[in-house]
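This report concerns only the one structure given below.
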Amino acid sequence: MPIYEYICKDCGKEFEALQKFSEKPLRKCVHCSGKAERKISASAFHLKGSGWYKTDYASKSAPKESKKESDSPKPDCSSCPSC
Ligand SMILES: [Zn+2]
């Protein structure tokens, strides 16, 4: 569930709200019940952060694939004259 950042036009305070994608954005400030606007750039930052985590996880599993590649030269060796 993404965290949306809001800023209040009335009191100027910023606050975060945990909402589903299907949920409508908050319009009232939690501090003064004034007009609040959602900061869209904040949610984009959170999506970018999850993307970095995925690439980091993929790099950890990479060494297993490199081992498989090191085993592949064996069929080629059987065809060489020295064997
Ligand atoms: Zn406010």
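The values are calculated or read from the model by the stated rules, or taken from the named source; none is laboratory data. In this text, all values refer to a predicted model and were calculated from it rather than measured experimentally. Here the Cβ positions follow ideal geometry from the backbone for every residue, glycine too, while neighbour counts run over all protein chains shown.
Points worth noting:
- Residue in the stretch 22-29 that is within 16 Å of the ligand (Cβ to nearest atom), outside any helix (DSSP H, G or I), modelled with pLDDT under 90 and touching a strand residue (DSSP E or B) at 6+ places or on another chain (Cβ under 9 Å) present: no
Quick grid of which residues meet (1) modelled with pLDDT of 95 or more; (2) part of a loop (DSSP other than H, G, I, E, B); (3) surrounded by fewer than 12 Cβ atoms within 10 Å (Cβ to Cβ); (4) within 14 Å of the ligand (Cβ to nearest atom):
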residue: Y4; (1), (2), (3), (4): no, no, no, no
residue: G12; (1), (2), (3), (4): yes, yes, yes, yes
residue: K20; (1), (2), (3), (4): no, yes, yes, no
residue: S33; (1), (2), (3), (4): yes, yes, no, yes
residue: A36; (1), (2), (3), (4): yes, no, no, yes
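- Residues of the stretch 1-29 classified as aliphatic (A, V, I, L, M) and in contact (Cβ under 8 Å) with a residue 24 or more places away in the chain, total: 2
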